[in-house]
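Following: one structure in C-alpha cells, then a few remarks.
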Number of protein chains: 2
Amino acid sequence: MAKSEKKASPQDTMIELDFNNVMTHAVGGENGLKADDIDELKPIFTEAHKDLMNRRKDGNLPFYDLPFQTKDLRRLRRTAEDIRKRVENFVVLGIGGSALGTRAVFRALRPLFHNMLPRAKRRFPRLFVADNVDPEGMASLLSLVDPRHTMFNVVSKSGTTAETMSQFMVVYDQIRRSLGKSSLKDHVIFTTDPEKGILRTMAEEMGFQTCDVPAGVGGRFSVFTPVGLLPLAVAGVNVAEMLRGAAAAEESCTRAALWNNPAYLFAAVNYALRQKRGRNILVMMPYADSLSEVADWFAQLWAESLGKRLSTDGRVVMAGQTPVKAVGVTDQHSQVQLYMEGPQDKVVVFIASSAYRADVKIPHLFKDQKDLAYLGGHTMGELIQAEQAATAKALTAAGRPNMTLRLPKITPASVGYLLYMLEVATVVSGYLYDIDPLDQPGVELGKRFTYGLMGRPGFASFKADFQKGAAPKKKFIVG
Amino acid sequence: MAKSEKKASPQDTMIELDFNNVMTHAVGGENGLKADDIDELKPIFTEAHKDLMNRRKDGNLPFYDLPFQTKDLRRLRRTAEDIRKRVENFVVLGIGGSALGTRAVFRALRPLFHNMLPRAKRRFPRLFVADNVDPEGMASLLSLVDPRHTMFNVVSKSGTTAETMSQFMVVYDQIRRSLGKSSLKDHVIFTTDPEKGILRTMAEEMGFQTCDVPAGVGGRFSVFTPVGLLPLAVAGVNVAEMLRGAAAAEESCTRAALWNNPAYLFAAVNYALRQKRGRNILVMMPYADSLSEVADWFAQLWAESLGKRLSTDGRVVMAGQTPVKAVGVTDQHSQVQLYMEGPQDKVVVFIASSAYRADVKIPHLFKDQKDLAYLGGHTMGELIQAEQAATAKALTAAGRPNMTLRLPKITPASVGYLLYMLEVATVVSGYLYDIDPLDQPGVELGKRFTYGLMGRPGFASFKADFQKGAAPKKKFIVG
C-alpha cells in the first residue's frame, strides 16, 4: 500500500453527524423522534447488515471495495498525467451518474473559478462536463474549446445512452473533419464496460484509449471508479487522498451496531422522519459554495435509489423522499422562510465545515454606523458559521427537525468520506423501504417514447403509443 | 412611448400554458383535476382580481407597473453604457432577491460561457453575482477581478443586509488600499432605497452613483427594477425588449376572467393540486440550460411568498408548496425515476421552447450500429424536444400530473413575459392560501441569532437565547 493511500487519521476525515435537532428534546413530541423510534428499527438493520456483508463478500456489491483499488489507481494516474501534459481542455461527455460525481468533487476541491484562471495559475486542464443535449449549450461549448487542445471523455457503460452518444457523434465528426480521422484516438478516451458494448468494440477496432467501469457498479455509485477518478485526476484533484477518505468511511460505515454507524443512523433517522412524521422532503443545505454540487450528486443518489413504485415482493409502495438542494447562506434569503413557516413536511440536513481553506477579514469601517460597525474585526468564516448555527437554532426553535453533517475541513479525504458514507446510507435505506436501491425501472418508458420518436429500430410501437390517447383540449391551454 | 418599448406582438412573446396533463382525462380521477375543481375557485379569483386592481390603482402594488417605466429606463441605459466602456468586470454584491433575477436572466440571455469569452467576442463586461459570504468564494472572486477594471454594485434596499454589507466593507477596504479613497466612487455604485438608509446617506456624503429600488417593491419582485436591469444592461441584455415582454404579460395576466388569464390559471391549478391532491411539491423543469436559473428565481418567489405560518386573520395554516428545480434532459437521469414511481406528492411544470437559438446536427455515422445510427440526421434540438415530450407523456401515463409552459423561443421578450406572469401567479396565490405573499416574517429569528452571535448592538439577548436550552446529547452525535 503506497504511503498516500494509508488509512486516514481520524482528525482529518471524521465527519460528525449531529442529529440532536431531530429529537423530541429539541423540536418537541409532535415533530421529533424518540430514541425508541430509532431502536425499533434495529432488527431491520441487523438483517440488512448481515445481508449487505454477505453480498459484498460474494462480490455482488463491489462499490464497497472501490476505495481499495490501489493497483488500478496507479495506472489511472499515469493516464491522467499523460493527458494533462497534452491538452488544455478535458470534456466529459456523460449524463446522470457519469457526470454528477465528477461535477460535485471538481467543484468541492478545485478553485471556484478554475476554468477561468490562466494555465500557469491553475496548472491543470480546464474541465467541462457536458451533461445535456441542449443544442445551444453544445454549440457554445464546441465554439469555446479548440479540438486540437482538447480531450473528450465519452462515459457510458452501455455505449447506447442517446444523449452521450449524440454528443460523441457530433464531436467525432468535428475532429475527423478538422484534424483527420487518424487524430481521433489522440482526442477521445472512453470510460465503458470492461468487456462488452459498442464503445468497447469501437475502441478495439480504432485504437481508442479506454478506462473500465467495474462490473456491477451502477452509475450513481461510480464516483470512485474511473468514471469520476479520471476527469478528477486530470483536473488536479488528489484522487488517492479522496480514496483514503472513502476507506476511512468504509471503516465506520460497516460497523454492525446501528448507534455507532453514521451511515446507518443517517438512514434510520430520515426513514423514521418519513414514516412517522410525514417528512417526504429532505433538504440538503451545505454552507459552502464548494459543496453545492454535492447536494446535486446526492439528489440523484437518494431520488433514483429510493423512489420506487414496487417493493421487493411486488407490492405497490411508491417509496421515496424528495431531495431538495439549498445552499447556505444564500438560500436563507430564498428558501428558509418556507422551511421555518411552511408545511411540516421536511427535514433539513446541513453540511457545515469547521474550518475554511481561506478566510477574509472584514475590516473595521463605518464606526459611526452601529448597524454595520459590529461586523468589523470578524471574518467571513465567522459570519457564515454563525449563520449556519443561527439557522439551525431558529429552525429548532420553530419545531423544525434538522441535523448537521460537520466536516473538519473540506479536503479530498473528507469529501471522499462524505460521499462514501452517503452511498452506504442510501443502500441500507433500501432495506427500510423494502425496495431495490440499485435499479431504476421508472425511466424506461420515457426512454422508449424518445426512441420511438427518434426512429430507433424496434421502437415504432412506442411512437404509435405516443400518438394515441386523447388530443389536448383547447380549454386547458391558455396564452 | 419609444419604438422599442411598443406592445409586443403575440407571436414572439406569447407563452402557452398547457395543463391538459393535470386533468382527469389525462392522469385519471385519483390524481387529476376536473374543470369543476378550477371553477369552484372562481369566487376567490373574482374578489382577488378586484382587490389587486384596486391596490394597484392606489399605488400599493407597484410591481405591476414596472414594465412601463420607460423614462427611468433611458437614464439606466445611459448609466450602463457608461459603465460598460470603463470596466471589464461588473460584480453584484447582493443576496436573495438582489441576486436571483439578475442571475436568471443573465444565464437565459447571454452566451452560456459569457465570462470565459475574450472581450472582443462577448463585447460586454463579465458579470459576477456574489450572493454568499463563503470566505473561499469571496477570496476566489477577489483574486480573479482586478479592482482597477471592476465596478461593484452594492444592492441592498436597507443598507444593513449583513452579507452584502460585509462584502462591501471588504471591497471598500481593498479599493481604498489599492487605488486610493478618491477612486471609490469610480468603482462602486449603489442600488438602494431612493430616500433613506445607510447607503443613501453614504452616497450623498461620498459621491457614489446610485440607482433606486422603487418604494414598495420587495426583493423577489425586483427583477424589473434597477436591481436586475442595471447589471443586465451592463452585461449586454436588451432590457427594453425584456420590459416589452413583461408589458405583454401585463395584458394577459390582468384579464378578469380566470379561464383567460394564464397567471391565474397557473395559480388555480397548483393550488387545487395542493389542496385536493396532496401535491406539496412543485417541480420546475426547464428543458434548456439557459433557463436553469429561472427555476432558482422562481423557487425564491414561490417559497418565500407562499410559505407562511399564519393566515391574514392570524390562524395557523402553515401554507406553501416546496419548489424543486430540475433541468431537462439532464435530470431525467437523476430525478425522473422518483417523479415516475415515488410518492404521489408533486406536480411537474415543464418549461419548453419551440425553437432554439442554435442547433447542432447529429451526423450520419456508425451505420452498422443500429442502436446509434438512428440518431444521425436528427438535430440536438429535435432530440431535446422529443425527450421533453416523451417525459411528459411517460409521466402522464403513470398518472403523474404535469403541465408545460411553452416559449416560442428564448428571447428577452419571452423571458420578461415568463417572469412577470409567474410574479402575478404568485401574488394571486396569496388569496387562495389566504396569506400575505409580500412579507417574510420567518427569516427574522435566524437573523437575530446571527446578530447576537456577531455582537450587533441591541441583540445581546438573542446571544443569550442562543446559548440557552439543552446541550446536545452525545448519544445523538456519531462520527
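The values are calculated or read from the model by the stated rules, or taken from the named source; none is laboratory data. Predicted model only: the values in this text are computed from it and were never measured. Virtual Cβ from ideal backbone geometry, glycine too; neighbours counted across all protein chains shown.
Okay, here's what the table says:
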| item | result |
| --- | --- |
| Failed criterion for A:GLU341 (all others in (1) at the interface with chain B (Cβ under 7 Å from one of its Cβ atoms); (2) touching a Pro at 6+ places or on another chain (Cβ under 7 Å); (3) within 30 Å of A:ARG279 (Cβ to Cβ) hold) | (2) |
| Criterion (part of a helix (DSSP H, G or I), farther than 28 Å from B:ARG107 by Cα and within 11 Å of chain A (Cβ to nearest Cβ)) met by exactly one of B:ARG274, B:ARG220 | B:ARG274 |
| Inter-residue pairs, beta-carbon under 9 Å, first more than 16 Å from B:THR164 (Cα to Cα) and at the interface with chain B (Cβ under 7 Å from one of its Cβ atoms) and in segment A:376-396, second in a helix (DSSP H, G or I) and of a type in the set (Asp, Glu), 6+ apart | A:LYS393/B:ASP465; A:ALA394/B:GLU444 |
| Any chance B:LYS308 is out of contact with any strand residue (DSSP E or B) (no Cβ under 6 Å at 6 or more places or on another chain) and either buried (at least 23 other Cβ atoms within 10 Å of the Cβ) or within 30 Å of A:LEU100 (Cβ to Cβ) (or both) | yes |
| Count - residues of segment A:253-267 that are more than 9 Å from chain B (Cβ to nearest Cβ), of a type in the set (A, V, I, L, M) and in a helix (DSSP H, G or I) | 3 |
| Top-ranked residue in segment A:316-338 [being assigned to a strand (DSSP E or B) and more than 7 Å from chain B (Cβ to nearest Cβ); ranked as surrounded by the fewest Cβ atoms within 10 Å (Cβ to Cβ)] | A:VAL316 |
| Residue satisfying condition, being within 12 Å of chain A (Cβ to nearest Cβ), surrounded by fewer than 16 Cβ atoms within 10 Å (Cβ to Cβ) and over 30 Å from B:MET284 (Cβ atoms), within set B:LYS185, B:LYS196, B:LYS181 | B:LYS181 |
| Qualifying position, being in the same structural domain as B:ALA398 (by TED's automatic domain parsing), at pLDDT 95 or above and either surrounded by 14 or more Cβ atoms within 10 Å (Cβ to Cβ) or within 26 Å of the chain's Cα centre (by Cα) (or both), among B:LYS50, B:LYS7, B:LYS34 | B:LYS34 |
| Selection count, segment B:32-65, where residues are of a type in the set (S, T, N, Q) and in contact with a Lys or Arg (Cβ under 6 Å, 6 or more places away or on another chain) | 0 |
| Positions within segment B:371-393 being among the charged types (D, E, K, R) and under 19 Å from A:GLY469 (Cβ atoms), in sequence order | B:GLU387, B:LYS393 |
| Subset tally (residues that are over 22 Å from A:ASP296 (Cα atoms) and either crowded, with 23+ Cβ neighbours inside 10 Å or of a type outside the set (Ser, Thr, Tyr) (or both)) for segment A:254-284 | 12 |
| Condition check for A:VAL154: modelled with pLDDT of 95 or more, part of a strand (DSSP E or B) and either of a type in the set (Lys, Arg) or under 20 Å from B:ALA373 (Cα atoms) (or both) | yes |
| Answer from A:SER143, A:SER156 - the residue that is closer than 30 Å to A:GLU195 by Cβ and assigned by TED's automatic domain parsing to the domain that holds A:LYS85 | A:SER156 |
| Any chance A:ILE477 is touching a strand residue (DSSP E or B) at 6+ places or on another chain (Cβ under 9 Å) and at the interface with another protein chain (Cβ under 9 Å from one of its Cβ atoms) | yes |
| Residue in segment B:54-99 that is farthest from B:PRO214 (Cα to Cα), counting only those that are of a type in the set (A, V, I, L, M, F, W, C) and in a helix (DSSP H, G or I) | B:ILE83 |
| Matching option when the condition is in contact with a helix residue (DSSP H, G or I) (Cβ under 6 Å, 6 or more places away or on another chain) and either without any contact (Cβ under 8 Å) to a residue 24 or more places away in the chain or farther than 20 Å from B:TYR264 by Cβ (or both), among B:GLY32, B:GLY97 | B:GLY97 |
| Unmet criterion (only one of (1) under 19 Å from the mean Cα position of the chain (by Cα); (2) at the interface with chain A (Cβ under 10 Å from one of its Cβ atoms); (3) part of a helix (DSSP H, G or I); (4) of a type outside the set (Lys, Arg)) for B:ALA247 | (2) |
| Options B:PHE190, B:PHE168; residue that is closer than 22 Å to B:MET454 by Cβ, aromatic (Phe, Trp, Tyr), at pLDDT 95 or above and in the same structural domain as B:ALA99 (by TED's automatic domain parsing) | B:PHE168 |
| Among the candidates A:PRO147, A:PRO135, residue that is within 9 Å of chain B (Cβ to nearest Cβ) and not aromatic (Phe, Trp, Tyr) | A:PRO135 |
| Helices (runs of 4 or more DSSP H) lying entirely in segment B:365-474 (those with 1 or more residues that are surrounded by 24 or more Cβ atoms within 10 Å (Cβ to Cβ) and of a type in the set (Gly, Ala, Ser)) | B:380-397, B:412-433, B:444-454 |
| Pairs where the first residue, in segment B:306-320, is of a type in the set (Val, Ile, Thr) and the second is not in a loop (DSSP other than H, G, I, E, B), C-beta under 8 Å, 6+ apart | B:VAL316/B:LEU310; B:VAL317/B:LEU310; B:VAL317/B:TYR433 |
| Subset of segment B:283-315 (residues that are facing chain A (nearest Cβ under 9 Å) and more than 12 Å from the chain's Cα centre (by Cα)) | B:VAL283, B:TYR287, B:ALA288, B:ASP289, B:SER290, B:SER305, B:LEU306, B:GLY307, B:LYS308, B:ARG309, B:LEU310 |
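Condition check ((1) surrounded by fewer than 24 Cβ atoms within 10 Å (Cβ to Cβ); (2) over 23 Å from B:TRP297 (Cβ atoms)) across all residues:
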position: B:ARG122; (1), (2): yes, no
position: B:ARG126; (1), (2): yes, no
position: B:ASP131; (1), (2): no, no
position: B:HIS149; (1), (2): yes, yes
position: B:SER156; (1), (2): no, no
